[in-house]
Amino acid sequence: NWSGSLIVASLTGAFGSSFLYGYNLSVVNAPAVYIKKFYNETWERRYGFSVDQSTLTLLWSITVSIFAIGGLVGAIIVTPIVKFFGRKCTLLLNNVFAVAAALLMSLSLLVGSFEMLILGRVVMGVDAGISLSALPMYLSEISPKEIRGSLGQVTAIFICIGVFTGQVLGLPQIFGQESRWPYLFGAIIVPSLVQVVILPFLPESPRYLLLEKHNTSKAEKAFQTFLGKADVSQEIEEVLAESRVQRNTKLVSILQLLRTRSARWQIATVVITMGCYQLCGLNAIWYYTNNIFSGAGINHETIPYVTLSTGAVETLAAVFSGLVIERLGRRPLLIGGFGLMTVFFAVLTISLTLQKSVDWLPYLSIFCILAIIASFCIGPGGIPFVLTGEFFQQSQRPSAFMIAGTVNWLSNFTVGLLFPFIQSGLQTYCFLVFAAICFTGATYLFFVLPETKNKTFHEISQEFAKRNKVSLEMQEMNHYPGERKSSAEQESNFTSSVDNGGTKKGIV
């Protein structure tokens, strides 16, 4: 099932998209001291006096957290973009934001403008917000149902690789020096150029071509390219079967989706899963890592190299999840990941509280950090994006990803804004807050989440139709009562469009 085109599309799409998201999460950590010095020197040159510490802290906090604001903007504008340009073209056009951000941030030192660096972080956030919706949408629509979960995990794997790459390039021997830190941001151009060169030679999403552009001929060729076989009549029939139930492939707006009774539990599950994805405390772990390593007696100069272990564990766990997701399923990995995080957060709280009284407890804290990261990447790190692509029908998917992206980025910004206050108020007990969030997420998913492994989109909709206590077909017929065609007319149109496209055998 893993054709060459499918592998190239997933790797190229992820390298120019989710990789850059992960890279920009970690890239600001290593040069933080030098960037703050640059801010201070720029301020002194302009105003004739050094910036006070509170203002400098505020500028740095804005630089780091404003990435999430850009991501929120990207998540909001992605729906009309994927509607008019398609999934693949959206990924290609999105590189304009990445290149612009790279130029702004890498040239800020040369120009002497810290505003350029902050603006670049905003623009890079827009790129991330678009890509984290468009990429999972594209991957879910080009992959066979048998490997849809594994292919969807490519998003999470490349986020982890991006984080690790940012840590490696930030080492003092590479770009983690005062004169070289702009190169860390200029390197963003490389994945964008790779995507721009390779992705145009690959097809658009066949489901988008068939259901939204009504181009049966191109959809058939796209299926043949991605699946690596000539007879794709079964795949086209599955897509048409979903559309016959929908009665209409016109895109559903966010307001219409929120009012759709047959999608209520899907929306609630996506909102809770995405909220827990960001609020589960992993960002806080990155914030606290250096302090914990210092408490374990690790030399300050050695900590950047020890921190690489966190990125390595993250990447290995994400790869492991991608290998086993089609065997174990989404449900056990997601629930198990949140459950293990709950346990390790509780143990971490105990070890941090008592580590000054027991010599070996700091090393238990290090183990807990690595275990939390691994537990996150095994399930919660990538599966929420997979589920968002699987829960909704073609007409609902862009709006669903916009809702998921909005929750994702708002939660991201909330953690960045509130964690310093939570940490200062609760000290080591702050991690109990994240343990409670992980426990809540695991409990909800245990009672609500169905297994979606190896199921078509229509079968997944039927699973939720039972929970929503509504007839799936009747609900879809009521989506657009004023515009709906009769069943006979719809069937006739499908038969005609497929025959005209040359795919006749056993479809309708």
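The values are calculated or read from the model by the stated rules, or taken from the named source; none is laboratory data. Here the structure is a predicted model, which is why all the values come from computation and not from measurement. Here the Cβ is made from the backbone with ideal geometry for all residues, glycine too, and neighbour counts use every protein chain on show. The accessibility values were calculated without ligands, DNA or RNA, using every heavy atom of the protein model including side chains. Shrake-Rupley method; radii C 1.70, N 1.55, O 1.52, S 1.80 Å.
Identify the residue in the stretch 424-461 that is surrounded by 15 or more Cβ atoms within 10 Å (Cβ to Cβ) and of a type in the set (S, T, N, Q) and, among all such residues, is nearest to the chain's Cα centre (by Cα).
Thr452
From Leu93, Leu110, Leu103, Leu119, which residue is among the hydrophobic types (A, V, I, L, M, F, W, C), in contact with a Leu (Cβ under 6 Å, 6 or more places away or on another chain) and assigned by the TED database to the domain that holds Ala9?
When all the criteria are applied, what remains is Leu119.
Just to verify a result, which residue in the stretch 359-373, among those that are out of contact with any Leu (no Cβ under 8 Å at 6 or more places or on another chain) and either closer than 30 Å to Glu459 by Cα or touching a residue at least 40 places away in the same chain (Cβ under 8 Å) (or both), is least open to solvent (accessible area, probe 1.4 Å)?
Per the stated criteria, the residue is Pro362.
Would you confirm whether or not the stretch 216-225 contains a residue that is among the β-branched types (Val, Ile, Thr) and at pLDDT 90 or above?
no
Report those helices (runs of 4 or more DSSP H) wholly inside the stretch 1-113 carrying at least 2 residues which are touching a helix residue (DSSP H, G or I) at 6+ places or on another chain (Cβ under 7 Å) and open to solvent by less than 50 Å² (accessible area, probe 1.4 Å).
It comes to 4-15, 18-26, 32-47, 53-85, 87-93, 95-106.
Ala134 is checked against (1) touching a residue at least 24 places away in the same chain (Cβ under 8 Å); (2) surrounded by fewer than 20 Cβ atoms within 10 Å (Cβ to Cβ) and fails just one. What number does that condition carry?
Every listed condition holds for Ala134 apart from (2).
Residues of the stretch 210-223 being over 28 Å from the mean Cα position of the chain (by Cα) and either among the acidic types (Asp, Glu) or open to solvent by 20 Å² or more (accessible area, probe 1.4 Å) (or both), which ones?
His214, Asn215, Ser217, Lys218, Glu220, Lys221
Could you list, in sequence order, the residues of the stretch 103-153 that are among the polar types (S, T, N, Q) and closer than 30 Å to Glu44 by Cα?
If the condition is that a residue be among the polar types (S, T, N, Q) and closer than 30 Å to Glu44 by Cα, then Ser106, Ser108, Ser113 are the ones that fit.
Could you check, for the stretch 344-351, whether at least one of its residues is on the phi < 0 side of the Ramachandran plot, in contact with a Cys (Cβ under 8 Å, 6 or more places away or on another chain) and of a type in the set (S, T, N, Q)?
yes
Looking at Ile236, Ile272, can you tell me which residue is in a helix (DSSP H, G or I) and in the same structural domain as Val386 (by the TED database)?
The match here is Ile272.
Among the candidates Arg207, Arg180, single out the residue that is charged (D, E, K, R) and not assigned by the TED database to the domain that holds Lys88.
On inspection, the qualifying residue turns out to be Arg207.
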